Amino acid sequence: MATATASQSALQRFINSPAGPKTIHFWAPAMKWALVIAGIGDLARPAENLSLAQNTSLVATGLIWTRYSTVIIPKNWPLFAVNLFVAGTGLMQVGRIMNYRMSDEYKQKQQQEAAVSSA
Amino acid sequence: MSQASGSIASRITQKLGSKEFRNYITSTHFWGPVANWGIPLAAIGDTQKDPSLISGNMTAALCVYSALFMRFALAVQPKNYLLFACHFVNEGAQLTQGYRYLQYNK
């Protein structure tokens with residue numbers, strides 16, 4: 001009935017590891033996926049209600065951290081994956097915003113506002 | 001390399017020119033958090049804009065995210081105070097936006 005660490009299953013070793021699910025080192029990066037899920041949910045919001053500032057900042061931070069997660073020691077592939085998706089969903093939103101801003105509907109609104117403010 | 005009799009200005013310039021500081025400025029320990037500052041700055045800018053632009057989902061996610069990363073920044077080795085500051089500010093900004101969102105969407 002030896003209980004040496006060698007007899008711990010791989011699952012137990014993972015659970016008790018210094019960057020495992022008992023620590024913030026696991027949950028903070030894992031939780032970042034909520035940003036991706038929120039981003040995917042936001043694809044359903046109309047483009048005129050999206051914040052360009054927020055989405056470009058998410059793209060920038062997503063891209064930089066995608067790069068850095070392969071440069072830090074040790075490489076952090078979960079961090080790489082989540083930031084890649086943060087950048088991806090952010091880019092889709094930025095695309096939608098830019099598309100909207102080039103649309104006729106938006107240009108009409110701009111003209112109307114200009115007319116109102118100069119009247 | 002004594003700094004005993006330097007004026008404040010010259011001591012500051014000495015510190016900024018030191019190898020230690022230059023290594024820090026060129027590290028991911030510095031630039032990663034710098035990249036993250038875009039998020040709170042965007043949020044602060046957005047507090048001055050119409051609340052219809054606020055995404056409830058994203059704001060809630062960012063509130064949880066910054067709360068966890070404030071802890072993470074102090075739990076890593078070495079502690080990353082710049083990252084902590086970024087997420088501390090973001091927590092405030094996102095909570096503000098969350099409040100505005102709830103008020104607007106009553």
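Values in this text are rule-based calculations from the coordinates and carry no lab data. Quick caveat, the model's predicted, so the values are computed rather than measured. Quick reminder, even Gly has a Cβ in these numbers, built from the backbone with ideal geometry, and neighbours come from all protein chains shown.
Is the protein assembly as shown best put as rounded, prolate or oblate by its Cα gyration tensor, with a ≥ b ≥ c the root eigenvalues, rounded for a/c under 1.5, and otherwise prolate when a/b is larger than b/c, oblate when not? Intermediate values should be presented prior to the final figure.
Working: a/c = 2.39, a/b = 1.35, b/c = 1.77.
In terms of gyration-tensor shape, oblate.
Measure out, as a whole number of angstrom, how far apart the alpha-carbon centroids of the range A:46-119 and the range B:1-73 sit.
A separation of 21 Å, based on Cα centres.
Out of A:Leu58, A:Leu84, B:Trp31, whose Cα points farthest toward the positive end of the dipole of the protein assembly as shown (charges: +1 Lys, Arg; -1 Asp, Glu; placed on Cβ)?
Result: B:Trp31.
Quote to one decimal, in nm, the extra length available between B:Ser52 and B:Arg22 on full extension: 0.36 nm per residue of separation minus the C-alpha distance between them.
Working: separation 30, 0.36 × 30 = 10.80 nm, distance 4.35 nm.
Using 0.36 nm per residue and subtracting the Cα-Cα distance, I get 6.4 nm.
Between B:Tyr81, B:Tyr65, B:Tyr24, find the one with the highest GNM mean-square fluctuation for chain B; connect C-alpha pairs within less than 10 Å.
Checking each option, the largest mean-square fluctuation is seen for B:Tyr24.
Can you give me the angle between helix A:77-101 and the longest principal axis of chain A, using Cα atoms only, in degrees from 0 to 90, rounded to the nearest 10?
Result, in degrees: 10.
Hey, fewest Cβ within 10 Å first, where do A:Val71, B:Val34 land in order? Mind showing how you got there, number by number?
Numbers: A:Val71 11, B:Val34 15.
Ascending number of Cβ neighbours within 10 Å: A:Val71, B:Val34.
Placing unit charges on C-beta atoms (Lys and Arg positive, Asp and Glu negative, everything else neutral), compute the dipole magnitude of the range A:1-110 about its Cα centre in debye, rounded to 20. Can you show the working numbers first?
Working: 10 positive and 4 negative charges, 45 e Å.
The dipole magnitude comes to about 220 debye.
Starting from the 7 Å offset along Cα-to-Cβ, what nm value, one decimal, do you get for the label separation of A:Phe14 and A:Arg67?
3.2 nm
In whole angstrom, and with the biggest value first, how far do the Cα coordinates of chain B range along each principal axis?
63, 28, 19
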